[in-house]
Structure formats: C-alpha cells, structure tokens
Amino acid sequence: MTKIRDYNMNGTIILGVDAGYGNYKAARCCFPTSVNRSDQPPIFTRNFLEYEGGYYTIGEGHKDFVAEKSMDDDNYILTLAAIAKDLNARGLSTAKLHLAVGLPLKWVQTQRDSFREYMMQNRHVDYKYAGRRYVVDIVDCTVMPQCYAAVAESLPDFKGMHMVADIGKDNECDST
C-alpha cells in the first residue's frame, strides 16, 4: 500500500477535499454524500456531526444533484465531516488548515469565488463529530478543477494531450 504524504506549510495542514456527488473524499476517508439535520442527537448512530445547535447524520444515502454546491449548508457540513475523519486518522483534534477543494471544470470559472467564500464562512470552527471535539482554524482555501490534485505533481512529465477520468470506487468508502 502506498504511504499517504502529508502536506503542510509553516504548521498549516494542506487538506484536499473532493466534494463529489456520490461520495465525499479526503486522503484518509471516503463516505457517501448525504446530510440529514435534526434538532436532537440520533438514537441509532454515533456517525453524526454536532454543529451550531444542529445534529447532522452523515453518509446514509446520497445528496441530490445541485448545480451550485454553495446553495445550501450540506456541502459545508460534509466538508466538516471530511476534516474530522481525516484529522482523526492522523490522531489530531485541532489543526490549522488550508483547504484545497475541487469543482467540476466547467464550474470553476463561474463559481470559484463564491465556493471559496462558502468554504471559509467560518475561519474558526469548533464542533463535534462521532463524539469527539474538533477545533479547526481555516486559514485559506484554494478552489481548483476536480482531478487537478491527481495530476499536479506529474504535469512536468506530460507531453501531448492527456485525458483524466474521475472514476469513483464506492467499495473503498467507509461509513465511520
């Protein structure tokens, strides 16, 4: 198995989050894209996020398609879940983060600024996921075309025309 490389700059973790329609992914997690909000904690699962007075069950289904990902709170909540899952896998509960997020290529030009603002709506976030408290400072956010991170390090080696395909693997996703 390939070792996952950590990227950081002056103590700030650079964390990539893929806000897919079927699954949300970071380097150390993958889970189905869905959010269900409640005013009470769910009875049958610990797989929920507690944030600003709401309880959000994560990953029990898939979110419907929306043409602009910043139109509701779901993608923000799912990003907080991805951050918590990735930090938990690193043995961390606090961090300074630079988010690196992707949008479909045809949306980057028109939605880059609004999606960046959406992801940075709270620079300091204090929340719980699966019963564990996370305190995160989001210092910046870079929005790039989806799949860019997969090829960025190899760009100098590419000659001619290339195609990148985003093929998800549901069986490698977890529900924790």
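Here are the numbers:
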| read-out | value |
| --- | --- |
| 20 °C / 1.002 mPa s Stokes-Einstein diffusion coefficient of region 8-172, Kirkwood radius on C-alpha pairs, µm²/s | 129 |
| Normalised convex hull volume, region 35-94, alpha-carbon set, Å³ per residue | 105 |
| Crossing angle, helix 74-90 versus the chain [Cα axis fit, 0-90 degrees, rounded to tens] | 90 |
| Most mobile listed residue (Met161, Met119, Met71) in the chain, GNM with C-alpha springs under 10 Å | Met161 |
| Simple spin-label estimate for Leu92 and Leu105 in nanometres, 7 Å along Cα-Cβ | 3.2 |
| Gained length - Ser154 relative to Asp126, 0.36 nm times residue gap less alpha-carbon distance | 6.4 nm |
| Listed residues Val66, Val35, Val139, most fluctuating in the chain (Gaussian network, C-alpha, under 10 Å) | Val66 |
| GNM result for the chain, Cα springs below 10 Å: residue of Pro145, Pro156, Pro104 fluctuating most strongly | Pro156 |
| Stretch in the chain that is longest and holds no trypsin sites (Lys or Arg not before Pro) that DSSP places in a loop and that have at most 13 other beta carbons within 10 Å | 47-122 |
| Dipole of region 8-172 [Lys/Arg +1, Asp/Glu -1 at C-beta], most positive-end residue of Val101, Gly53, Ile14 | Ile14 |
| Using θ = phi - 60° and Karplus 6.51 cos²θ - 1.76 cosθ + 1.60, couplings along region 36-50 (whole Hz; Gly, Pro as x) | 10, 8, 9, 8, 10, x, x, 7, 9, 8, 9, 7, 9, 10, 10 |
| Crossing angle, helix 105-119 versus the chain [Cα axis fit, 0-90 degrees, rounded to tens] | 40 |
| CD proxy at 222 nm, helix term only [per DSSP H run n ≥ 4: -39500 (n - 2.57); per residue of the chain; nearest 500] | -6500 deg cm²/dmol |
| Stretch gain in nm, segment Ile43-Val66, where the contour uses 0.36 nm per residue and the Cα spacing is subtracted | 5.3 nm |
| For region 23-64, size of Cβ-based charge dipole, Lys and Arg +1, Asp and Glu -1, in debye | 260 |
| Relative contact order of the chain, pairs being alpha-carbon contacts under 8 Å that are 6 or more residues apart, as % | 25 |
| Cα-centre dipole for the chain with unit charges at Cβ (Lys and Arg positive, Asp and Glu negative), debye to 20 | 480 |
| When each of Lys69/Lys128; Lys25/Lys63; Lys25/Lys96 is checked by Cα-Cα distance, pairs over 21 Å | Lys69/Lys128 |
| Region 1-72 - Rg and Dmax from Cα coordinates, angstrom | 15.0, 41 |
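The numbers here are math on the coordinates, done by the rules we state, and not lab data. Remember, predicted model here, so these are calculated numbers, not experimental data. Heads up, the Cβs are rebuilt from the backbone with ideal geometry, glycines too, and the neighbour counts pull from every protein chain shown.
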